[in-house]
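Structure, as structure tokens:
The values are calculated or read from the model by the stated rules, or taken from the named source; none is laboratory data. Nothing here was measured: the structure is a model prediction, and the numbers come from that model. Here Cβ is always computed from backbone atoms with ideal geometry, including for glycine, and neighbour counts include all displayed protein chains. Accessible surface is based on the protein model in full, side chains and every heavy atom, while ligands, DNA and RNA are left aside. Shrake-Rupley method; radii C 1.70, N 1.55, O 1.52, S 1.80 Å.
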Amino acid sequence: MATNDAVSGIKPPANLQIDSDKSTCWKNWLQQFEWYAIAVQLDKKPADVQAATFMAVIGPEAIEIYNSFNLSDTEKKNLAAIKNRFKEYFAPKTNISFERYIFFKIEQNEDEYFNEFLTRIKTQAIKCEFDNLLDEMLKDKIVFGIRSNQVREKLLTEDKLDLTKAINICKTSEQASKQLDEFESKNKTDKVLVVKNKSVKNKENENFDCKRCGSNHKRRECPAFNKPCTKCNKNGHFAKMCRTKNYNPKLKNKVNTVEEMSDCSEDEVYISAVSGGDKKDWTETIQVGKIKFAAKLDTGAQCNVLPRHLMNKLKASLKPSRTKNLISYTEDKMAVLGEAELLCKIKNEKKKHNIQDS
């Protein structure tokens, strides 16, 4: 009587490929074979057919290993016996203490999604033989291994936290964070960048009367760029165009904030470029609270400027500014939204700076 497969056309798994991690290769392949055996109802076939099917599917790399078992004729027809011998051969020689050491050291990587992190710790936990403590150990590893301190705080304040709650909180927080980032990227406006880029594109080849050198030239061709003024000692303009009325030498080494520049116009102050440029630009890392950002340094600028999205990130409180507009090196005007006094840390030195928000 012929034996019919329950499902026709099902392909067996690919041959076993053995690399440096022999144990994992074997476990993964065996898992695929077990699914295949169930699908074709292999257990309903004669014992010698089951054994022959297994050996035909496992492939040539395992034949030499099989031959080294020296099985009896009875064992060669017993699929369970053949599997057990392969399991013994591929059984990993593990040091439980070392595997647990690896488990406890795992932390979520900077660009790693939570599901990827969860898979890593679950895979490693299998090698640690935690038994009944598995869920507790995974929960604790999530709490102390995730990257976000905000999510960690939420987990630590959760009443009767278990593994399921911990996973749900992390997944929900990650999804909310993605949605918030997308929302902010669509809604944040950077007026300085918009005005500057549009102006440079449309007026790049036009001449204009420059208020820094007093001549008529194209943009980015000012002879006064980065040149010191003999009247006020500040860079970026000639003495004949200097707006200083009463130069105070005591201000020479002070930060160029609007309040310190008493000779500046209340309506307009000059800057070079708020952002952009190439890697050769002179920049410095500035820290405000726990937030760090790179700022372009411009010795000829008359004020410190930050874009709106960065001020929002710093959670700075804005107040009305005397200055209404900023004028760039290319003579573009940008509206000032307000100003704030921030405690900035630069090279381990802390100073209060007055910042314009544009």
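Condition first: outside any loop (DSSP other than H, G, I, E, B) and surrounded by fewer than 12 Cβ atoms within 10 Å (Cβ to Cβ). Now tell me which residues in the stretch 145-167 satisfy that. Talk me through it step by step, then tell me what you get.
Of the stretch 145-167, the ones outside any loop (DSSP other than H, G, I, E, B) are 145, 149-156, 163-167.
Of everything in the stretch 145-167, those that are outside any loop (DSSP other than H, G, I, E, B) and surrounded by fewer than 12 Cβ atoms within 10 Å (Cβ to Cβ) turn out to be 149, 150, 153, 156, 164.
Which one of these is of a type outside the set (Gly, Ala, Ser), on the phi < 0 side of the Ramachandran plot and either at pLDDT 85 or above or touching a Leu at 6+ places or on another chain (Cβ under 8 Å) (or both): 162, 190, 209? Lay out the reasoning, then the answer.
Working: 190 fails: either at pLDDT 85 or above or touching a Leu at 6+ places or on another chain (Cβ under 8 Å) (or both); 209 fails: either at pLDDT 85 or above or touching a Leu at 6+ places or on another chain (Cβ under 8 Å) (or both).
Going through 162, 190, 209 in turn, the sole match is 162.
Looking at the stretch 105-130, I want the residues that are closer than 15 Å to residue 143 by Cα and assigned to a loop (DSSP other than H, G, I, E, B) and have a partner that is open to solvent by 80 Å² or more (accessible area, probe 1.4 Å) and modelled with pLDDT of 90 or more with Cβ atoms under 9 Å, at least 6 apart or on another chain. Which pairs are those?
Once the first residue is closer than 15 Å to residue 143 by Cα and assigned to a loop (DSSP other than H, G, I, E, B) and sits in the stretch 105-130, its partners that are open to solvent by 80 Å² or more (accessible area, probe 1.4 Å) and modelled with pLDDT of 90 or more give 106/120; 107/144; 107/147; 108/116; 108/120; 108/147; 109/116; 109/147.
Sort out which residues of the stretch 210-238 are buried (at least 20 other Cβ atoms within 10 Å of the Cβ) and basic (Lys, Arg), and write them in order of number.
Of everything in the stretch 210-238, those that are buried (at least 20 other Cβ atoms within 10 Å of the Cβ) and basic (Lys, Arg) turn out to be 212, 234.
State whether one or more residues within the stretch 86-94 are touching a Cys at 6+ places or on another chain (Cβ under 9 Å) and not in a loop (DSSP other than H, G, I, E, B).
Scanning the stretch 86-94 turns up at least one residue that is touching a Cys at 6+ places or on another chain (Cβ under 9 Å) and not in a loop (DSSP other than H, G, I, E, B).
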